[in-house]
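To keep things clear, I will list the structure first and then write my remarks on it.
The values are calculated or read from the model by the stated rules, or taken from the named source; none is laboratory data. Predicted model only: the values in this text are computed from it and were never measured. Neighbour counts run over all protein chains shown; Cβ positions are idealised from the backbone, glycine included. For the accessible areas, the whole protein counts, side chains as well, though only heavy atoms, and no ligand, DNA or RNA atoms are used. Shrake-Rupley method; radii C 1.70, N 1.55, O 1.52, S 1.80 Å.
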Amino acid sequence: MLKYSIIPKPVRYDAKETEIEISTKTNVLCSEEFVEVGKFLTSYLKTNPDGQSNSIRIKKVNGIAKEGYALYTENGDVYIKASTEAGAFYGAVTLKWILLQSPKKNGVARVSGFFIEDKPQYDHRGLLLDESRHFFGIDTVKKLLDNMSMLKLNVFHWHLADDHGYRLESKAFPLLNEIGSVRKSNGLGKYQDNETYGPFYYTFEQVEEIVSYASSLHISVVPEIDMPGHCSEFLASYPHLSSSDEKVEVAVINGVIPNLLNVTDEGLYDFLGTLFDEICPLFPDARFHIGSDEAVYTQWEKNEKIQQFMKDNSIGNEKQLQIYFINRVAKMLSERGKRAVAWSDCLEENVDESVICQLWRSQDKAHILPQAEKRDIVVSLTNHFYLDYSHKALPINSVYSFNEKALKLNKLNKKINGIEAALWSEFITNESSLECGVFPRLSAVAEVGWTALDNRNIYDFKRREKFYLLMLKGRNINYYRPKNRPFGWWLGNIYSMGENGLDYQKNEKKKERERIN
């Protein structure tokens, strides 16, 4: 049993009978490559070393897995060894977990000795935040990144454009901000109101700030601009991109909306090329998510010019037309140094092999898994990783129970890049409801992504989770408590999640609106 409660669980943990002291006088010494990791620890410890006390020594050592580390106590000192800065950072994060739990007196922490060896099972350990439906702002995003880093999650999937709003500044296409980032209602679906929502979007400078902040925590930011469906915000702003003559507004209804880009129009690719030239430099990560889910083909079927284009180009059906679009967009992104990512329902065998698949629907496994020999896959199955589902619909045990062997994914490990949770925000309207959806379930997501199946145990996890809940409480995070049970299938401000139910959530909604404005 681990002396200290650490999430995600390390590969190896050996307790020692020795004890050391860590204080503000402790030296933090590091290899030149790991200076930033040293700063991370000194910032937490608020060090003022006297040169005489013990040390935390962060060393570069070849041969350790790229995100792996060794962390141990020896002769009164603490050692972190890693081959990469990411590995050293995760060693420092584990040390922070230990220090948070160590008894303290007069500014001195008494730490029981340990030897830890650790590395993640998956490269991709992510969380999606949907800010098209509801916009949370830079402070909320940074707070979420902080909490991701404590769980060793390394991908922030930023869903920035959908039917309900375009959330990036655009100098090339200003109507995306003037029109596309505004809608007629704050609430969506049957919860519509008469409050104009927007304009809400991130400036280039704010994006740069968030990306830089995430990078300091070894988190990559992957943007998503959904297309050719989920595109009402595009069509409201620039109607000439549409497959229909019908007037389109930024959506205030939920569900799948049958608006499609006209993928047979060469002008669309000129538009996207200019847009990509604007967006791609903002995000250093090589991945660019193009969505491509839930495309309803009605407009294409009714459009005579589109049907003629399909005949002229020997495109047999609308599904193949969508694949034609995906392949063209993937090529455009490749020319800009990016690799396309798309949702699983649109990916058939003849989609370019470079396109990464995000597997979200169980029914897609039949046509996706045979592609795993050639295509990278990230798993985001709804019945394990959709955090906008209520805690009744998706309890933390269901998150933790993800089993790649039972799903026959283990045979494809070389192509399964990892896992990613998703928080869609149709009914998540403020920071409080966001936190209630994410926490504490994100801890289970982190352990599933980091810790190998044969090293996981739900009862051991629940024991270690007790300290994690105390840490969330200490950070004033509105994590889910069973006494505040949301009813129904979805989370959101319409459900009783706070201490005072609906009144609590309405007040939070009002405060969030005032803060953003």
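Can you find a residue that is assigned to a strand (DSSP E or B), in contact with a strand residue (DSSP E or B) (Cβ under 8 Å, 6 or more places away or on another chain), basic (K, R) and within 30 Å of V438 (Cα to Cα) anywhere in segment 125-133? Can you show your working first?
Our first condition is that a residue be assigned to a strand (DSSP E or B); within segment 125-133, this holds for 125-130.
The next check asks that each one be in contact with a strand residue (DSSP E or B) (Cβ under 8 Å, 6 or more places away or on another chain); those that pass are 125-130.
Now restrict to residues that are basic (K, R): 125.
This time we only want the ones that are within 30 Å of V438 (Cα to Cα), so: 125.
Scanning segment 125-133 turns up at least one residue that is assigned to a strand (DSSP E or B), in contact with a strand residue (DSSP E or B) (Cβ under 8 Å, 6 or more places away or on another chain), basic (K, R) and within 30 Å of V438 (Cα to Cα).
Checking Y400 against (1) closer than 25 Å to K119 by Cβ; (2) touching a strand residue (DSSP E or B) at 6+ places or on another chain (Cβ under 8 Å), which single condition isn't satisfied?
Result: Y400 fails condition (2) only.
Considering segment 336-394 alone, what residues qualify as being part of a loop (DSSP other than H, G, I, E, B), among the hydroxyl-bearing types (S, T, Y) and open to solvent by less than 10 Å² (accessible area, probe 1.4 Å)? Before the answer, list the steps.
Going residue by residue through segment 336-394, those that are part of a loop (DSSP other than H, G, I, E, B) are 336-338, 347-355, 360-361, 374-376, 380-381, 387-388, 390-394.
Checking the rest, the ones that are also among the hydroxyl-bearing types (S, T, Y) come to 354, 380, 390.
Scanning segment 336-394 gives S380, S390.
Which condition does F115 not pass, out of (1) farther than 30 Å from G273 by Cα; (2) part of a loop (DSSP other than H, G, I, E, B), if it passes all the others?
With respect to (1) farther than 30 Å from G273 by Cα; (2) part of a loop (DSSP other than H, G, I, E, B), F115 is out only on (2).
Does any residue of segment 109-121 turn out to be open to solvent by 10 Å² or more (accessible area, probe 1.4 Å) and without any contact (Cβ under 8 Å) to a residue 12 or more places away in the chain?
no
So that you can scan it fast, the table gives a plain yes or no per residue for (1) touching a Cys at 6+ places or on another chain (Cβ under 9 Å); (2) acidic (D, E); (3) at pLDDT 95 or above:
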position	(1), (2), (3)
S292	yes, no, yes
N303	no, no, yes
S314	no, no, yes
L321	no, no, yes
R336	yes, no, yes
A342	yes, no, yes
Q363	no, no, no
V378	yes, no, yes
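Can you name the residue in segment 22-68 that is without any contact (Cβ under 8 Å) to a residue 60 or more places away in the chain and among the acidic types (D, E) and is also farthest from R125 (Cα to Cα) among such residues?
Step by step, filter segment 22-68, then rank; the result is D50.
Just to be sure I understand, how many residues within segment 359-382 are polar (S, T, N, Q) and out of contact with any Leu (no Cβ under 9 Å at 6 or more places or on another chain)?
1
Sort out which residues of segment 56-75 are farther than 15 Å from E117 by Cβ and surrounded by 15 or more Cβ atoms within 10 Å (Cβ to Cβ), and write them in order of number. Steps first, please.
To start, the set of residues in segment 56-75 that are farther than 15 Å from E117 by Cβ comprises 56-58, 60, 62, 75.
If the condition is that a residue be farther than 15 Å from E117 by Cβ and surrounded by 15 or more Cβ atoms within 10 Å (Cβ to Cβ), then I56, R57, I58, K60 are the ones that fit.
Just the residues that are free of Cβ contacts under 8 Å to residues at least 40 places away in the same chain, open to solvent by 20 Å² or more (accessible area, probe 1.4 Å) and not hydroxyl-bearing (S, T, Y), please, taken from segment 76-97.
Residue satisfying the conditions is K81 alone.
Can you tell me how many residues within segment 279-291 are surrounded by fewer than 16 Cβ atoms within 10 Å (Cβ to Cβ) and acidic (D, E)?
Final tally of qualifying residues: 0.
For segment 310-327, how many residues are open to solvent by 40 Å² or more (accessible area, probe 1.4 Å) and over 26 Å from the mean Cα position of the chain (by Cα)? Reasoning before the result, please.
Initial filter on segment 310-327 (open to solvent by 40 Å² or more (accessible area, probe 1.4 Å)): 311-314, 316-317, 319-320, 324, 327.
Now narrow it down to the ones that are over 26 Å from the mean Cα position of the chain (by Cα): 311-314, 316-317, 319-320, 324.
Result for segment 310-327: 9.
For E301, only one of the following conditions fails: (1) assigned to a helix (DSSP H, G or I); (2) open to solvent by 10 Å² or more (accessible area, probe 1.4 Å); (3) closer than 29 Å to P174 by Cα. What is its number?
Result: E301 fails condition (3) only.
I need the full set of residues from segment 402-434 which are open to solvent by 10 Å² or more (accessible area, probe 1.4 Å) and at pLDDT 95 or above, in order please.
Matches in segment 402-434: W424 only.
So, of the residues in segment 15-49 that are under 31 Å from the mean Cα position of the chain (by Cα) and among the β-branched types (V, I, T), which turns out to be surrounded by the fewest Cβ atoms within 10 Å (Cβ to Cβ)?
Taking segment 15-49 and keeping what is under 31 Å from the mean Cα position of the chain (by Cα), we get 30-46.
The next check asks that each one be among the β-branched types (V, I, T); those that pass are 35, 37, 42.
Numbers: V35: 12, V37: 25, T42: 18.
That would be V35.
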